[in-house]
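Following: one structure in C-alpha cells, then a few remarks.
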Amino acid sequence: MPPDARPRLTVLSGPSGVGKSTVVAHMRKEHPEVWLSVSATTRKPRPGEQHGVHYFFVTDDEMDKLIANGELLEWAEFAGNRYGTPRAAVQERLENGEPVLLEIDLQGARQVRDSMTDAQLVFLAPPSWEELVRRLTGRGTEPPEVIERRLDAAKTELAAEPEFDETLVNTSVEDVARELLALMDVV
C-alpha cells in the first residue's frame, strides 16, 4: 500500500460455521498488525472466551444504549442474541493507518456497506453445502434447534454472495488467510 494511502475497512462475512474465526486467527498470528474489531454481544461466553478479547459481553440494557446512542457501526440479532461493532474504535484505527478487519454476519455486512461505502466486503464460502453442514453439526456446542436455525440462516447467507466484492472459498485456512491479506494490501 502506498505510504500516503489510508487502508480500507475490510469486512469478512459468510455463513455460520464456514471458518471465519479460524481464518482470522491464523491470519492474525502471522500478521498481528491487522486489527480485528472486537464485537459487543448479548450472548453468554462460550468456554475459553474472554471479555474484551473475543467479545465485549454486555447486557440487553447496555446493548440498547449502544444502539440508541449510535455507537455501533452495525448490529444484528442472530440466534436470539445481538452482536454489534463499536464505531469509534474502527474509525480511530483507520485514521491511524492500520488495516482493520471486521468478522461479521450478512446483516452487519449490509449495514457497513450502507454506512461506509468504501469498505471492502469479502465473502467466505464453504467448499460445499455438505461440508458446511458437517462443520455446523460437528461443533457440539449448540442444541439441535440452534443448529437448525443456523442451517436455515446459512442458506440465506449463501444466496447473498453476489452482494460482496470478493469471494474466497475456504478449502485451506492458510490459503484463504494469504488471499485475504493480499486483498487488504498487507502482504
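The values are calculated or read from the model by the stated rules, or taken from the named source; none is laboratory data. Treat the numbers as computed from the prediction; the structure is a model and nothing was measured. Every residue, glycine as well, gets a Cβ built from its backbone with ideal geometry; the counts of neighbours run over all protein chains shown. Ligands, DNA and RNA are excluded from the accessible area calculation, which covers all protein heavy atoms including side chains. Shrake-Rupley method; radii C 1.70, N 1.55, O 1.52, S 1.80 Å.
If you put +1 on each Lys and Arg Cβ and -1 on each Asp and Glu Cβ, how big is the dipole of the chain around its Cα centre, in Debye rounded to 20? Intermediate results must be reported in sequence, preceding the final value.
Values: 21 positive and 33 negative charges, 89 e Å.
Its charge dipole is roughly 420 debye.
Would you work out which of Thr156, Thr171, Gly97 lies farthest towards the positive end of the dipole of the chain? Charges go on Cβ: Lys and Arg +1, Asp and Glu -1.
The one lying farthest along the dipole's positive direction is Thr171.
Provide the net charge surrounding Leu183, with neighbours chosen by a C-beta distance below 9 Å and charges set as Lys +1, Arg +1, Asp -1, Glu -1.
Net charge in that neighbourhood comes out at -4.
Go through segment 96-101 residue by residue and turn each phi into a ³J(HN,Hα) via Karplus (6.51, -1.76, 1.60, θ = phi - 60°); whole Hz please, and just put x for glycine and proline.
7, x, 8, x, 10, 10
Round to a whole number: what % of the accessible area of the chain belongs to carbon and sulfur, probe 1.4 Å?
In the chain, the share of accessible area belonging to carbon and sulfur is 49 percent.
Between Gln50, His26, Val38, whose Cα lies farthest towards the positive end of the dipole of segment 1-96 when Lys and Arg beta carbons carry +1 and Asp and Glu beta carbons carry -1, centred on the Cα centre?
His26
Considering only protein heavy atoms, what per residue accessible area in square angstrom results for the chain with a 1.4 angstrom probe?
Accessible surface, normalised per residue, equals 52 Å².
Applying the Karplus parametrisation 6.51 cos²θ - 1.76 cosθ + 1.60 with θ = phi - 60° to the phi angles of segment 166-171, what ³J(HN,Hα) value in whole Hz is obtained for each residue in order, glycine and proline being reported as x?
9, 10, 10, 9, 7, 8
Answer with one residue from Gly108, Tyr83, Pro144: the one whose Cα lies farthest towards the positive end of the charge dipole of segment 70-187, charges on Cβ with Lys, Arg +1 and Asp, Glu -1.
Projecting each Cα onto the dipole axis, the largest value belongs to Pro144.
Okay, helix-only estimate at 222 nm for the chain: each DSSP H run of n ≥ 4 adds -39500 (n - 2.57), divide by all residues, round to 500 deg cm²/dmol; what do you get?
On the way: 7 runs with 76 residues, N = 187.
Theoretical 222 nm ellipticity from helices: -12500 deg cm²/dmol.
State whether segment 1-73 is rounded, prolate or oblate according to the following rule on the C-alpha gyration tensor (a ≥ b ≥ c being the square roots of its eigenvalues): a/c under 1.5 gives rounded; otherwise a/b larger than b/c gives prolate, and the remaining case gives oblate. Spell out each step's value before the answer.
Numbers: a/c = 2.15, a/b = 1.34, b/c = 1.60.
The shape class here is oblate.
Count neighbours as other Cβ atoms within 10 Å of each site's Cβ, and list the GluC sites (Glu not before Pro) in segment 1-98 that are DSSP loop with at most 14 such neighbours. Don't skip to the end; give the middle numbers.
Working: sites: Glu30, Glu33, Glu49, Glu62, Glu71, Glu74, Glu77, Glu92, Glu95; in loops: Glu33, Glu49, Glu71.
Listed in order of number, the matching sites are Glu33, Glu49.
Once each part is reduced to its C-alpha centroid, what is the distance from segment 39-72 to segment 6-24 in angstrom?
With segment 39-72 and segment 6-24 each reduced to a Cα centre, they are spaced 19 Å.
For the chain, with a Gaussian network of springs between Cα atoms less than 10 Å apart, report the residue from Thr167, Thr141, Thr41 with the top mean-square fluctuation.
In this elastic network of the chain, the residue with the biggest mean-square fluctuation among Thr167, Thr141, Thr41 is Thr141.
For a quick check: with amide H placed at 1.01 Å from N, whose amide H comes under 5 Å from Gln120's, ignoring anything fewer than 5 positions away on the same chain?
Close amide H contacts, sequence-distant or interchain: Leu9, Thr10, Val11.
Relative to the Cα centre, what is the charge dipole magnitude of segment 1-102, using +1 at the beta carbon of each Lys and Arg, -1 at the beta carbon of each Asp and Glu, and rounding to the nearest 20 debye?
For segment 1-102, the charge dipole is close to 340 debye.
Once the other residues with Cβ under 12 Å from the Cβ of Arg110 are scored (Lys, Arg +1; Asp, Glu -1), what is the net sum?
-4
So what's the net charge close to Met63: Lys and Arg +1, Asp and Glu -1, counting the other residues with Cβ under 15 Å from its Cβ?
-2
Nothing charged except the Cβ atoms of Lys and Arg (+1) and of Asp and Glu (-1): what's the magnitude of the dipole of segment 86-134 about its Cα centre? Round to the nearest 20 debye. Show your work: numbers first, answer last.
Details: 5 positive and 9 negative charges, 22 e Å.
About 100 debye.
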